[in-house]
Amino acid sequence: MNCLVKWSLLLILFCPIIAGQAGTPVETDVIERPPVRTPWQITVGGPGWLAGVSGTTGFHGVNTNVDVGVGQILTHINVIYSFGGEVRRGRFGFLGDLLYLNAQASTAESSGLVSKVDLGLQQFLGELFASYRLIEGSRGWLDLMAGFRYTYLGQQVGSQANDIAIDTASARLLDQFAQSLTTPGSDLRTLIKENITDKLTLLNGQNPELPVAPLAGQQPGKISDLVQQLIQSREAELAAAVRAGDEARVSLLKAQLSSQVATRVTGELNRSFSFYDSWADPLIGLRGRFKLSKAFYLTAESDVGGFGIGSDVAVQAYAALGCQITRNIFSEVGYRYLYDDFRDNNFLYQLSLHGAQITIGLLF
């Protein structure tokens, strides 16, 4: 009890003194100094990503290896634009960027049954993140990010038949088939492969000018089946004429079948194929900045996502050297890498986009 009394007396004695010393100035400070408001920070930039593409892509099990350099892509671009931005206040912020590409290319061949293949590509990548600043100091900061990436992909393949080569191949096929009817164990499928299927390699999409899947990759097998069915529908009639030694009848049947085969093959080759798909990947990541001097800094960013919701896995990494040219203008020179493993509707997309990135931006 004595202790409580003593402490009570001390508080009674000292509280007026403390109030007298601090009361008036504190009240004046509160009145004269308005609350400090955290300003909004807005950043906009134009990242120029000089990306090449490598990996594997395919459709219905027909896959091709892709290795397309940035120079090759730039040669075939019709439209490209890129934009990035961030809005931040205090520890919280939102940031995102987008990239759109539209390109076309053609591959010609004189020796095969396909004279030309046209490729079309449209791709859109859009990212949006919410960020929280975990660490901030005089030398730099570190943010935790969570968001998503949306990918849209449009691909087109158009083939053009080589009419002269098809007529020649069809006539040769029927000559060889008629000759084989006099030999036991003749194999029509092998003859079709040698004269027709093996000369459709341009449809397999090997070493494409653009990272487009071989959408027409199933056509060689389909054409082979159609030609075989067509010839077999009149095989008995042709075999009877060969055995009877009726040369006029044999020549007529070969000419008719050759014309029908050429017409069927030409019709299957003068076609276009298209594929469109889109997917969204949830993402988590980190980004940070380390100040080297008043003007220069290092920055890095990495995120991972997909998790089977969109892609099986999606990984991105970026590192750059930055320069604060003026108070409101900055520039960064770095390298960006993006890998996406996506599978859907018999479509395979296992591609890496990688290359230097040059960014010019404004800070408000």
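Computed quantities for the displayed model
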{"item": "Backbone HN-Hα couplings from phi across region 44-60 [Karplus 6.51/-1.76/1.60, Hz, Gly and Pro as x]", "result": "10, x, x, x, x, 8, 8, 9, x, 10, 8, x, 10, 9, x, 9, 6"}
{"item": "Net charge contributed by nearby residues that have their C-beta within less than 10 Å of Tyr297 (K/R +1, D/E -1)", "result": "+3"}
{"item": "DSSP H segments from the chain that extend 15 Å or more along their own axis, Cα-based, with Kyte-Doolittle mean of 0.5 or above", "result": "2-32"}
{"item": "Kirkwood estimate for region 246-364, i.e. one over the average of 1/r between Cα atoms, Å", "result": "19.4 Å"}
{"item": "Calculated on alpha-carbon atoms, Rg and Dmax of region 33-105 in Å", "result": "20.1, 71"}
{"item": "3J(HN,Hα) from dihedral phi, region 198-204, Karplus parametrisation 6.51/-1.76/1.60, rounded to Hz, x for glycine, proline", "result": "5, 9, 10, 5, 5, 7, 6"}
{"item": "The chain: relative contact order as a whole-number percent, Cα under 8 Å and 6+ apart", "result": "20 percent"}
{"item": "Vicinal HN-Hα couplings computed from phi for region 347-352 (Karplus, 6.51 cos²θ - 1.76 cosθ + 1.60; Hz; Gly/Pro x)", "result": "10, 10, 9, 10, 10, 10"}
{"item": "Entry for volume of the Cα convex hull per residue in Å³ (calculated from the structure that is shown) out of (i) 169; (ii) 202; (iii) 132", "result": "(ii)"}
{"item": "Net charge of neighbours whose Cβ lies under 15 Å from the Cβ of Val70, counting Lys and Arg as +1 and Asp and Glu as -1", "result": "-1"}
{"item": "Charge context of Ser106, other residues only, Cβ under 10 angstrom, K/R +1, D/E -1", "result": "-1"}
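Where a number appears in this text, it was derived from the coordinates with a stated rule and is not lab data. Keep in mind that what you see is a predicted model, and the values were worked out from it rather than measured. All Cβ positions, glycine included, derive from the backbone under ideal geometry; neighbour counts span all protein chains shown.
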